[in-house]
Structures are given as structure tokens and as C-alpha cells.
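Novice: To start, I am sharing the structure in question, which I have written as C-alpha cells.
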Amino acid sequence: MSSRAVAAGKLGAGVCILRGLSDGPPALQITRENTAANLIRAYEPGRVRIGERWLTGNVIVAPDQLIEIWTVGSLASLSLADLEPALALGPEIVLLGTGTELVLPDVDLMAALAARAIGLEIMSTPAACRTFNVLVHERRRVVAALLNSPPA
């Protein structure tokens, strides 16, 4: 092998490989990681786009699973039982998207998740969508429980 450097390293969501060539300048090859993770590509009041699919209403999204029909009353009545489908996915953190506005759920709900050593982050649904994607790219065990009722 020539005296040119051979290096490989991760750059964000891609892999950068620099190879030494014997008869010319080093070649730079950039390849995106192939991930099968569910990523939230778009949000509109009442629906979210996961990959290429639009899903309406309340949904639970994990990197490797979707619960497309999440039946929950209102945020005011949200209970630990309502979050059980999300908790069954084994998250270290649950992002609770509360709709277009940030609304805090009952304090007992937050305490129940803390007792299980599961983080609960409460934010608007658009913010939860953005945060979910960041945490998926960090390979965190995250689940987004998105309250996303269609506009009236």
C-alpha cells in the first residue's frame, strides 16, 4: 500500500471512507447509512408522515414499530393505562406530543413514569416529532406518543 493515509470515520448520518490509491489522488466515497427506522418526515395538524405514509389521529411511534390507532380521550384524562402501549415497547424516554400547544398532563402520570425510571418529555406534537428524529439518530430507545387530533 502507498504512503497515503487510509481512514474511515462516521460523519453524521453518512459514512466517509478515504482510501489511498496508488496512481492518483485519494478517493472520497460518501455513503448514507441504510436505516429501517421509522422517522417522522412531516407534521400537519391531525396527521403525521412516517416514511412515505400519512397517518391520521393519535399515534405511537418507535424506531421499529408503529401503533397507528392509539385511542386516548383527552390530555386531561391521560393515564398510565393509556400509555401502556408505548411503555410495552421498552423505551428509556417517552416523548408526549400534546397537540399544537404545550399542555401538561396530570402530575401523577409524570411521577408514575419516573418511578419506572422512564423519562417523560412533554412538548407540542411538532416539537415531539423533531425531537424523536434526533433521538432515533442518536440510537436512543425512544417512543413518541403523539396526540394529534384533526382540526375542528
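Novice: How high is the FRET efficiency between W54 and A127 when r is their beta carbon distance and R₀ equals 22 Å, given to the nearest 0.05?
Specialist: 0.65
Novice: Let me ask something additional. So if each residue of separation counts as 0.36 nm, and I subtract the Cα-Cα distance between S149 and H137, what length gain in nm does that give?
Specialist: Between S149 and H137, full extension yields an extra 1.6 nm.
Novice: Please work out whether the range 102-152 counts as rounded, prolate or oblate from its C-alpha gyration tensor, where a ≥ b ≥ c are the square roots of the eigenvalues and a/c under 1.5 means rounded, while otherwise a/b larger than b/c means prolate and anything else oblate?
Specialist: Oblate.
Novice: Using a ≥ b ≥ c from the Cα gyration tensor of the range 54-152 (square roots of the eigenvalues), is it rounded, prolate or oblate, where a/c under 1.5 gives rounded and otherwise the larger of a/b and b/c decides, a/b for prolate?
Specialist: Rounded, since a/c falls under 1.5.
Novice: Using +1 at the Cβ of each Lys and Arg and -1 at the Cβ of each Asp and Glu in the range 40-146, identify which of P85, W70, V142 lies farthest towards the dipole's positive end.
Specialist: After comparing all options, I get V142.
Novice: Just need the relative contact order of the range 40-146 here, percent rounded to a whole number, with Cα pairs under 8 Å and 6+ apart.
Specialist: In percent, rounded to a whole number, it is 31.
Read-outs throughout are calculated quantities, based only on the coordinates presented, and are distinct from any laboratory measurement. This one's a predicted model, so the numbers in the text were calculated from it and none came from an experiment. Counting neighbours? That spans all protein chains shown, and the Cβs are built from the backbone with ideal geometry, glycine included.
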